[in-house]
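Working notes, structure below.
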Amino acid sequence: MLVVPALAGLVFLTLPLAGLLVRAPWSTLPQRLAEPHVLEALRLSLITATVATAVCLLLGVPLAWLLARTEFPGRRLVRALVTVPLVLPPVVGGVALLLVLGRRGLVGQWLEGAFGITLPFTTAGVVVAEAFVAMPFLVISVEGALRGADRRFEEAAATLGASRWTVFRRVTLPMVMPGVVAGAVLCWARALGEFGATITFAGNFPGTTRTMPLAVYLALETEPEAAIVLSLVLLAVSVVILASLRDRWVSAP
């Protein structure tokens, strides 16, 4: 009885992708891919998504450890706040970032006045927007891995005289590494496809903030075939990266 709805779900998910492949201008694809604005947008997308993932790893792994291994008042509230960007419309996230990190924002005006740092409508702003919407994927994945890890190995290392930092670095982190990698892959893919928060907080400036999703939106208004080509690039990069890393790190025996 489950086969029919399962097949319907599969068709629902794959049919739009098939339509993208069917309508692609394959005859002019090489020329379109070699256009400078396509390469520029792809380069910017790859760089910002990678840097955003690094930021998420730096901040998200300790946050996941705090939620999984530490008892403190309000932990459920903190977990709920961490997952808010998952359900928050990206445009609303971009507006929130502007209100906090904008030139007249709660923190942004202090950053500009004290250090001369301006984040909105810059490449750094793209990284901030992508990290904001992508970090929950990493935190949830790592927290789940930490909760599922066998703590007896950590306790054994502690009884042998290892410090907490050594236990985390030499025991805990290797045990949860598949979860960390899986979360990083999801985080990177989410950052690569981010649109709403990016265009709201960082704008759409060629070479500075125009990532591939923004280039797709702009091309769709004037040149649909170019939008299809850009969409194919995003699709190919996402599928290759996700498939290769998942097969290597997260595949079940």
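The values are calculated or read from the model by the stated rules, or taken from the named source; none is laboratory data. Just so it is clear, the model here is predicted, and its values are computed rather than measured. Ideal geometry is used to build each Cβ from the backbone, glycine not excepted, and the neighbour counts take in all protein chains shown. Please note that ligands, DNA and RNA were not included when accessible areas were found on the heavy atoms of the full protein model with its side chains. Shrake-Rupley method; radii C 1.70, N 1.55, O 1.52, S 1.80 Å.
Annotations
- Between region 150-218 and region 88-115, the alpha-carbon center distance in angstrom: 23
- Computed over the chain, the per-residue total of -39500 (n - 2.57) for DSSP H runs of n ≥ 4 gives a 222 nm mean residue ellipticity of -24500 deg cm²/dmol, rounded to 500.
- For residue 127, the accessible area of its heavy atoms, probed at 1.4 Å with every protein chain present, is near 20 square angstrom.
- Remark: region 120-253 carries 49 Å² of accessible area per residue (probe radius 1.4 Å; ligands, DNA and RNA excluded).
- The residue list 97, 171, 135 was ranked by how far each Cα lies along the charge dipole of the chain toward its positive end, using unit charges on Cβ atoms, and 171 comes out on top.
- In plain terms, if you count all Cα to Cα distances in the chain and split them into 5 Å steps from zero, the share in each step is 1, 6, 10, 13, 15, 15, 13, 11, 7, 5, 2, 1, 0, 0 percent.
- Modelled FRET efficiency - R0 51 Å, residue 14 with residue 69, Cβ distances, 0.05 increments: 0.80
- Here the chain has 71 percent of its accessible surface on carbon and sulfur atoms, given a 1.4 Å probe and all protein chains in place.
- Three-way shape label, region 97-157, alpha-carbon gyration tensor, a/c 1.5: prolate
- Stretchable slack from residue 175 to residue 54, in nm (0.36 nm times residue separation minus alpha-carbon distance): 41.6 nm
- Surface calculation, 1.4 Å probe, protein heavy atoms: residue 110 sits at approximately 150 Å² accessible.
- Taking the Cα centre of region 121-185 as origin and assigning +1 to Lys and Arg Cβ atoms and -1 to Asp and Glu Cβ atoms, the resulting dipole is close to 220 debye.
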